[in-house]
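Shown next, in structure tokens, is the structure this report addresses.
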Amino acid sequence: MKTPMSVPEVLAGFFREHPRLALAFSGGTDSAYLLYAAKACGCDVRPFYAASSFQPAFEQADAKRLAEQLKVPLTVVPLDVLSVDAVQSNPADRCYHCKQAIFTALMEAAGAAGCPAIMDGTNASDDAGDRPGMRALTELKVLSPLRLCGITKAQVREFSRQAGLFTWNKPAYACLATRVPAGNPITEELLSRVEGAETALFDMGFTDFRVRVFHDAARLQLPAAQLDRAVARREDVRRALAPWFETVLLDLKER
């Protein structure tokens, strides 16, 4: 099989060595490109989406949309991550415990489907020091082909653009749990409020932002280019977020 121009030979070689794989598919840029590249290289790839309160609705919608476009069946694995005490209590290493829970469940589903190994979208630009969850991935022997093949985030975006994937310029998105300060317990109700506030801001035209919880207030982190617009529309922003947060703060340090 001829390797597409949008897939570097080193990655194609990885898929030749791993002809059947499960994919932890988030609907984001990295895992979307991996799904495309694996299929384009003839790998028998099975994407699995972990559905929990930590992921907003649009992520699952994007995952389903791309899987349908690539004509690859998507398996949605429902998870109650807040049933894990070490996740719900939100310690500093919450991400480690969360990754352990999520990938253990995905690996069980993948094994039942006959997939011998699972991969994720960690790329060569990701700093292991900034992502405590990587320790869990290492312990569980999750494969990270983009990182193993030295493919950076910028390259993933360019290869995705060449392939015509709608996710090529999708902003990076961390799970909703990251909006809650470490040490503050995470609840379904709090995550729902954050998702509602972020959806409201997105509907107003803001992009690549975060709504972080600060003493039960919403602390908005926006790109520098959008700060002036937020100030100019402060009353509109306050009204839009009122159903979820009584107090709305604007962080003047750019996101």
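Descriptive notes on the structure:
- Extension gain from residue 169 to residue 251, taking 0.36 nm per residue of separation minus the Cα-Cα distance: 27.0 nm
- Principal axis extents of the Cα atoms in segment 187-251, from largest to smallest and rounded to whole angstrom, are 32, 21, 21.
- DSSP bridge pairs, the chain: antiparallel proportion in percent, nearest 5: 25 percent
- Directionally averaged projected area (convex hull, Cα atoms, the chain), nm²: 13.5 nm²
- Those lysines that a straight Cα-Cα span of less than 18 Å connects to residue 39, excepting residues fewer than 8 apart in one chain: 2, 64, 71
- Rough spin-label spacing in nm, given labels placed 7 Å along Cα→Cβ, for residue 92 and residue 188: 3.1 nm
- Span from the segment 80-118 Cα centroid across to the segment 211-255 one, whole angstrom: 32 Å
- Order of 107, 5, 119 under a 10 Å beta carbon neighbour criterion, fewest first: 5, 107, 119
- For segment 96-236, the square roots of the Cα gyration tensor eigenvalues, ordered a ≥ b ≥ c, give a/c of at least 1.5 with a/b no greater than b/c, which places it in the oblate category.
- Relative contact order for the chain, counting Cα pairs under 8 Å that sit 6 or more residues apart, in percent: 18 percent
- A cut-off under 12 angstrom between Cβ atoms defines the neighbours of residue 113, and their net charge, with Lys, Arg +1 and Asp, Glu -1, is 0.
- In this calculation the C-beta distance from residue 124 to residue 215 is compared with R0 = 41 Å, giving a FRET efficiency of 0.60.
- Seen against the Cα atoms of the chain and their longest principal axis, helix 94-112 is set at about 40 degrees.
- Were the residues from residue 9 through residue 135 laid out at 0.36 nm apart, the gain over their Cα-Cα distance would be 42.6 nm.
- Ignoring lysines fewer than eight residues from residue 99 along the same chain, the ones with Cα atoms less than 20 angstrom from its Cα are 141.
- Estimated at 0.36 nm per residue, the fully extended path between residue 16 and residue 199 surpasses their Cα-Cα distance by 61.8 nm.
- The label-point distance for residue 154 and residue 69, in a model that sets each label 7 Å from Cα toward Cβ, rounds to 2.4 nm.
- For the chain, the longest principal axis of the Cα atoms and the long axis of helix 188-203 meet at an angle of about 90 degrees.
- In segment 206-255, GluC sites (Glu not before Pro) in a DSSP loop with at most 12 other beta-carbon atoms within 10 Å: 246, 254
Read the figures in this text as sums done on the coordinates, not as results from a lab. The model shown is predicted, which means the values in this text are computed figures rather than measured ones. Note that each Cβ is placed from the backbone with ideal geometry, even for glycine, and that neighbours are counted across all protein chains shown.
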